[in-house]
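Chemist: One structure follows; several queries about it will come next.
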Amino acid sequence: MEVVRITPRGYCHGVVEAIRIAKRVGSDRAEGEQVTMLGYLVHNEHVTRELEEHGVALVDAPDRMKGLDQIKSGTVVFTAHGISPLVVAEAERRGLNVVDATCSDVTRTHDLVRRLTGEGYHVVYIGKRGHPEPAGALGVAPDATTLVERIEEVDDLDFPAGTRLAVTCQTTLSMWDTKTIIDRLVERFPDIAVHNEICLATQQRQEAAVLAATDVDCVVVVGSRLSSNSLRLVQVVEERAGKPAFLVDTAADVRPEWFAGMRRIGVTAGASTPTQLTRAVITSIEALPETSAAAV
Ligand code: SF4
């Protein structure tokens, strides 16, 4: 089976930096000190296990404030997805040492929301409900932001006359979905100030996957089901290139029957996927005999 390695793929700068910070904090911890990440530092189980081996425990709860209740002492590490200032303040009030591993691209969005709401704008934030990144960004100005997930929700928006509006978004969404929602917002609110904050790493991985997908039979995305950017890679390959796409966490998830009748398989990986996992997936696909796969 021929594998087309799609580039860029895998770790982005924000993930590399967050892992570096968490590992350092874990390694430097004092005797008996608890170090805890509040939620998955990045959305990948394998990274989480590795961090646990470095002394960084995981507390995962439905929301960050509830998770804080489970951390009684020591150091709390905030994840790459960003954190609401309300949670940071509460952690400090409880006497925890605070370490922030938020990606600089997410921090930029927080700064943007802070600036815009400070200037009197109401910010429409496009993002996925229940994902930690929107929760952190909306927490910057809870009373001056509105979360929108689907295009249909734009039609239900209603603001008092004279409201100055701006729109921004989660960094890891589909570029195309986001543009469609922004276009609808501009249609409804022609004066809305547009700030598309999809990060460069997400854009480059999505563009590369869609482009490569035109020249392969299907695309395998290596990443976690928890990972927004990995799920979006599957989505954009299916929707933009019209090719099948399969999400696998490890090589053990690869199913030979997916590739029946196929010859060229594209492989990409989410921004939080360790390189060795992607390498193992590539090796396992390359080892599949083309004829037997076609015969499955
Ligand atoms: S995907 Fe983008 S926003 Fe998320 S950690 Fe990577 S660079 Fe930062």
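Laboratory data are not the source of any read-out in this text; all were calculated from the coordinates shown. The structure displayed is predicted, hence computed values, not measured ones. Heads up, the Cβs are rebuilt from the backbone with ideal geometry, glycines too, and the neighbour counts pull from every protein chain shown.
Chemist: Give me a comma-separated list of calculated 3J(HN,Hα) values for region 84-93, in order, Karplus coefficients 6.51, -1.76, 1.60 applied at θ = phi - 60°, integers in Hz, x for any Gly or Pro.
Modeler: 5, x, 5, 6, 4, 4, 5, 4, 5, 4
Chemist: Hey, what do the phi angles of region 124-132 turn into as Karplus ³J(HN,Hα) couplings, whole Hz, using 6.51/-1.76/1.60 and θ = phi - 60°, x for Gly and Pro?
Modeler: 8, 10, 8, x, 8, 4, x, 7, x
Chemist: Okay, moving on. Amide H of Phe246: which non-local residues (sequence gap of 5 or more, or other chain) have their own amide H closer than 5 Å, using H built in the peptide plane?
Modeler: The answer is Val219, Val220, Val221.
Chemist: Considering the chain as a Gaussian network with a 10 Å cut-off on Cα pairs, which listed residue, Gly120, Gly26, Gly270, attains the greatest mean-square fluctuation?
Modeler: Gly120
Chemist: Follow-up. Go ahead and set up a Gaussian network model of the chain, Cα springs under 10 Å, then flag whichever of Val56, Val210, Val154 fluctuates most.
Modeler: Val154
Chemist: Still on this structure, I have one more. How would you rank 135-144, 66-75, highest first, on the average number of other Cβ atoms within 10 Å across their residues?
Modeler: Values: 135-144: 19.3, 66-75: 15.3.
Most protected by this proxy first, the peptides run 135-144, 66-75.
Chemist: In µm²/s, what is D for region 134-182 at 37 °C and 0.692 mPa s, where D = kT/(6 pi eta Rh) by Stokes-Einstein and Rh is the Kirkwood radius from Cα pairs?
Modeler: On the way: Rh = 12.2 Å.
Taking Rh from Cα pairs, D becomes 270 µm²/s.
Chemist: Would you be so kind as to identify which of Ser27, Asn44, Leu68 lies farthest towards the positive end of the dipole of region 24-99, taking Lys and Arg as +1 and Asp and Glu as -1 on Cβ and the Cα centre as origin?
Modeler: Towards the positive end, the residue furthest out is Leu68.
Chemist: Residue by residue through region 197-214, what is 3J(HN,Hα) from phi via Karplus (6.51 cos²θ - 1.76 cosθ + 1.60, θ = phi - 60°)? Round to whole Hz and write x for glycine and proline.
Modeler: 10, 4, 6, 4, 4, 5, 4, 5, 5, 5, 4, 5, 5, 5, 5, 5, 4, 5
Chemist: Taking only C-alpha pairs under 8 Å that are 6+ residues apart, what is the relative contact order of the chain in percent?
Modeler: Numbers: 569 pairs, mean separation 62.7, N = 296.
Computed value for the chain: 21 percent relative contact order.
Chemist: Using Cα-Cα distances under 8 Å and only pairs 6 or more residues apart, what relative contact order does region 74-218 have, in percent? Walk me through the numbers before you get to the answer.
Modeler: Numbers: 202 pairs, mean separation 30.5, N = 145.
Answer for region 74-218 is 21 percent.
Chemist: Amide H neighbours of Val3 under 5 Å, counting only residues 5+ apart in sequence or on other chains, H built in-plane at 1.01 Å?
Modeler: Distant-sequence amide H within range of Val3: Ile265.
Chemist: So, in nm, how far is label Arg93 from label Glu31 when the simple model puts each one 7 Å beyond its Cα toward the Cβ?
Modeler: About 3.5 nm, to one decimal.
Chemist: In terms of Cα to Cα distance under 25 Å, which lysines are near enough to Lys66, apart from those fewer than 8 places away along the same chain?
Modeler: Within the straight-line limit of under 25 Å, Lys66 reaches these lysines: Lys23, Lys128.
Chemist: Shifting gears a bit: Report, by chain and number, residues whose modeled amide H sits under 5 Å from the one on Val148, excluding near sequence neighbours (fewer than 5 apart, same chain).
Modeler: Counting only residues 5 or more places away or on other chains, the set is Tyr125, Ile126, Gly127.
Chemist: Compute a Gaussian network model of the chain, connecting alpha carbons closer than 10 Å, and tell me which residue from Glu152, Glu50, Glu17 fluctuates the most.
Modeler: Sorting by GNM fluctuation, first place goes to Glu152.
Chemist: Let me ask something else. Report the gain in length on full extension from Asp100 to Ala252: 0.36 nm times residue separation, minus Cα-Cα distance, nm rounded to one decimal.
Modeler: Between Asp100 and Ala252, full extension yields an extra 51.3 nm.
Chemist: I would also like to ask the following. Once you charge only the Cβ atoms, +1 for Lys and Arg and -1 for Asp and Glu, what is the size of the charge dipole of the chain about its Cα centre, to the nearest 20 debye?
Modeler: Numbers: 31 positive and 41 negative charges, 86 e Å.
In total the dipole reaches around 420 debye.
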